[in-house]
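So the structure is just underneath, and the comments pick up after that.
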Amino acid sequence: MCLSLGKLMENINQTSTDFFLLGLFPPSRIGLFFFILIVFTFLMALFGNLSMIILILLDTHLHTPMYFLLSQLSFMDLNFISTIVPKMASDYLSGNKSISFIGCGVQSFFFITLASAEGLILVSMAYDRYVAICFPLHYPIRMSKTVCVLMITGSWIMGSINSCAHTVYAFGIPYCRSRAINHFFCDVPAMLTLACMDTWVYEYTVFVSIALFLVFPFICIACSYGQVLLAICRMQSTEGRRKAYLTCSTHLTVVTFYYAPFAYTYLRPRSFRSPTEDKVLAVFYTILTPMLNPIIYSLRNKEVTGAMRRVIQRFCSVET
């Protein structure tokens with residue numbers, strides 16, 4: 001790995017030409033409208049995810065494994081959208097679409113790390129609900145604080161290793177075509193269309209990586225929720241069945257919004273892909289999902305809304 005990183009740094013030193021991001025919006029009134037919409041979505045995502053993190057931190061009723069994992073999801077979403085949108089907004093407002101070789105590598109590294117880690121965190125959240133509903137008596141042991149920390153740490157480490165491998169490869173190959181990336185961020189597959197060497201080996205590794213970090217986790221989530229639905233059907237309590245179904249349907253909504261466009265984008269062969277379609281799909285998992293996650297979890301969760309009321313009442317009583 002050290003040799004690979006050294007090779008990467010040597011390549012960076014030899015390369016002074018910046019990349020150019022063609023962006024998402026056309027220079028027109030329609031483009032301005034969509035730009036304002038994206039900025040508004042970004043601000044909503046910042047407020048929503050920061051609110052979830054602070055709320056879970058302040059309210060002791062939410063100091064449980066499920067909300068501990070949820071706070072990590074919000075933290076990842078917060079960083080995810082911040083990795084993409086500020087640069088995209090700056091490019092649109094300034095008209096300067098260039099990004100340095102190192103800057104592109106940093107953006108790509110954080111994007112892949114966060115995308116991979118978030119996929120694994122969603123699996124951890126599915127496992128949490130599976131244990132809570134199917135094995136409630138074993139829940140304190142199977143989902144202890146130590147287990148949660150290991151899940152979160154493992155997600156970050158595996159995401160970083162995966163990202164390091166992709167980034168080192170992508171930024172260690174020669175680029176001899178146009179430096180214009182037809183995307184609104186440094187997406188590695190979009191960059192490789194500019195390479196002056198055959199990248200079929202890397203495309204194969206992308207397929208393997210997507211299978212490990214998206215397809216396999218999605219299968220695990222589907223299997224766990226299959227067991228959960230069977231357990232819900234056997235519940236005697238109508239209230240317990242309703243609460244369990246609401247929690248699971250909320251998580252499945254988040255999983256669908258995240259996994260579906262990601263898998264559809266990266267599992268298709270290059271011949272079936274188009275830059276315009278890739279950019280539209282990327283909006284879902286880079287911008288819309290980070291904004292929707294806190295809304296879905298807060299508006300459809302009585303525990304979160306209750307915690308919000310308690311925190312607001314606490315601050316109001318302090319002020320008076």
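The values are calculated or read from the model by the stated rules, or taken from the named source; none is laboratory data. The structure presented is a predicted model; accordingly, all values stated were derived computationally and were not measured. With ideal geometry, Cβ positions are generated from the backbone for all residues, glycine too; neighbour counts draw on all protein chains shown. Heavy atoms of the whole protein, side chains included, go into the accessibility calculation; ligands, DNA and RNA do not. Shrake-Rupley method; radii C 1.70, N 1.55, O 1.52, S 1.80 Å.
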- Note on the structure: Of the residues in region 82-96, those that are aliphatic (A, V, I, L, M), surrounded by fewer than 23 Cβ atoms within 10 Å (Cβ to Cβ) and within 12 Å of residue 45 (Cβ to Cβ) come to 85
- Query: Can you name the number of the only condition in (1) at pLDDT 80 or above; (2) under 22 Å from residue 102 (Cα atoms) that residue 199 fails?
  - Reply: (1)
- Message: I'd like the full set of residues that are without any contact (Cβ under 8 Å) to a residue 60 or more places away in the chain and open to solvent by less than 60 Å² (accessible area, probe 1.4 Å), limited to region 231-255.
- Response: 235, 240, 246, 249, 250, 253
- Task: Would you point out which residue out of 265, 247 is β-branched (Val, Ile, Thr), assigned to a helix (DSSP H, G or I), within 23 Å of the chain's Cα centre (by Cα) and modelled with pLDDT of 80 or more?
- Result: 265
- Query: Quick one: residue 61 ticks every box in (1) open to solvent by 90 Å² or more (accessible area, probe 1.4 Å); (2) under 30 Å from residue 255 (Cβ atoms); (3) modelled with pLDDT of 90 or more bar one, so which box is it?
  - Reply: (3)
- Right, residue 189: in a helix (DSSP H, G or I) and free of Cβ contacts under 8 Å to residues at least 40 places away in the same chain or not? no
- Query: Could you count how many residues in region 194-230 are closer than 19 Å to residue 261 by Cβ, open to solvent by 80 Å² or more (accessible area, probe 1.4 Å) and either among the β-branched types (Val, Ile, Thr) or not in a helix (DSSP H, G or I) (or both)?
  - Reply: 1
- Task: Can you tell me which residue among 305, 286 is among the polar types (S, T, N, Q), part of a helix (DSSP H, G or I) and either in contact with a Lys or Arg (Cβ under 7 Å, 6 or more places away or on another chain) or at pLDDT below 85 (or both)?
- Result: 305
- Message: Restricting to region 1-37, count the residues that are in a helix (DSSP H, G or I), modelled with pLDDT under 50 and either open to solvent by 80 Å² or more (accessible area, probe 1.4 Å) or of a type in the set (A, V, I, L, M) (or both).
- Response: 10
